[in-house]
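Report on the structure given below.
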Amino acid sequence: MTIHVQPVVRPEACPALVLNADFRPLSYYPLSIWCWQDAIKAVFLDRVNIVSEYDKVVRSPTFEIRLPSVISLKTYVKPSRHPAFTRFNVFLRDRFTCQYCGAREDLTFDHVIPRSKGGQTTWENVVAACAPCNLKKADRLPREVEMWPRQNPFAPTVHDLHSNGRLFPPNYLHDSWLDYLYWDSELEP
Ligand SMILES: [Zn+2]
């Protein structure tokens with residue numbers, strides 16, 4: 001019996017970083033990355049330019065193409081000034097720091113006004129909190145336990161998250177992306 005070993009092409013591990021037409025990421029938080037299928041589709045629809053490629057190739061009976069690692073939109077899209085309300089972005093706003101004791105480990109989320117007391121899941125009411133503080137505060141109001149967030153929770157701008165993001169580089173970035181991620185103050189006119 002012969003086992004045919006596929007060449008090591010794992011396209012699913014090859015996302016493409018998507019840049020706007022000005023060569024800045026379309027979005028930072030979350031970072032704009034598309035799966036390879038969407039990237040290739042956009043190439044064929046002529047909506048993007050390929051800026052950089054992986055070594056990996058995908059083939060069909062009629063074509064063969066190296067997977068793009070960085071693509072840029074042909075048409076500029078005005079970026080949103082308001083980042084999405086996500087768990088990651090709450091952590092980033094709070095600089096991955098418990099808003100009650102300053103711990104940086106074992107982080108969870110706390111509703112400043114507990115949900116059971118009508119607190120909403122919004123930028124203005126959710127903060128990063130370490131598990132021990134969360135446990136201690138439990139289902140009570142800040143004044144009941146004398147635990148106040150270090151900063152009043154607020155809806156950040158993209159700029160706020162950018163400033164904090166530079167302190168916390170993402171865990172995994174493909175080499176070809178790095179040139180497009182850290183541009184800021186140095187290159188800005
Ligand atoms: Zn804490």
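Taking θ as phi - 60° and the Karplus parameters 6.51, -1.76 and 1.60, the scalar couplings of the range 79-89 work out to x, 6, 8, 10, x, 5, 7, 10, 4, 4, 5 Hz in sequence order, x denoting glycine and proline. Averaging the sequence gap over all C-alpha pairs within less than 8 Å and six or more residues apart, then dividing by the number of residues, gives the range 13-73 a relative contact order of 40 percent.
Counting Lys and Arg as +1 and Asp and Glu as -1, what is the net charge of the other residues whose Cβ lies under 13 Å from the Cβ of ASP175? Summing Lys and Arg as +1 and Asp and Glu as -1 gives -3. Remark on SER27: its backbone amide H falls under 5 Å from those of SER32, a criterion applied only to residues 5 or more positions apart or on other chains, H modelled at 1.01 Å from N. For SER69, nonlocal amide neighbours, meaning residues 5 or more places apart or on other chains whose placed amide H falls under 5 Å from its own, are SER52, GLU53, TYR54.
By the count of other C-beta atoms within 10 Å, a proxy for reagent exposure, HIS174, HIS82 are ordered fewest to most as HIS82, HIS174. Pairs of Cα atoms in the chain fall into 5 Å distance bins, from 0 up to the last occupied one, in shares of 1, 7, 13, 15, 13, 11, 10, 9, 8, 6, 4, 2, 1, 0, 0 percent. Within the range 13-73, all pairs of alpha-carbon atoms sorted by distance into 5 Å bins from zero give the percentages 4, 20, 31, 26, 12, 5, 2, 0. Note on ILE71, ILE113: ascending count of other Cβ atoms within 10 Å places them as ILE113, ILE71, the fewest first. Listed by chain and number, the aspartates and glutamates placed with their C-alpha closer than 16 angstrom to that of LYS78 are ASP22; residues fewer than eight positions away on the same chain are left out. Taking label positions 7 Å along the Cα-Cβ direction at both ASP139 and ALA84, the computed distance is 3.2 nm, reported to one decimal. Taking the number of Cβ atoms within 10 Å of each Cβ as an exposure proxy, the fewest-first ranking of VAL112, VAL126, VAL77 is VAL77, VAL112, VAL126. Computed log10 I(q)/I(0) for the range 87-157 at 0.11, 0.12, 0.17, 0.29 Å⁻¹: -0.21, -0.25, -0.51, -1.51, from the Debye equation with unit scatterers placed on every C-alpha and solvent omitted.
Values quoted throughout were computed directly from the atomic coordinates according to the rules given, and no laboratory measurement underlies them. Since the structure is predicted, the reported quantities are computational estimates derived from the model, not experimental observations. Note that each Cβ is placed from the backbone with ideal geometry, even for glycine, and that neighbours are counted across all protein chains shown.
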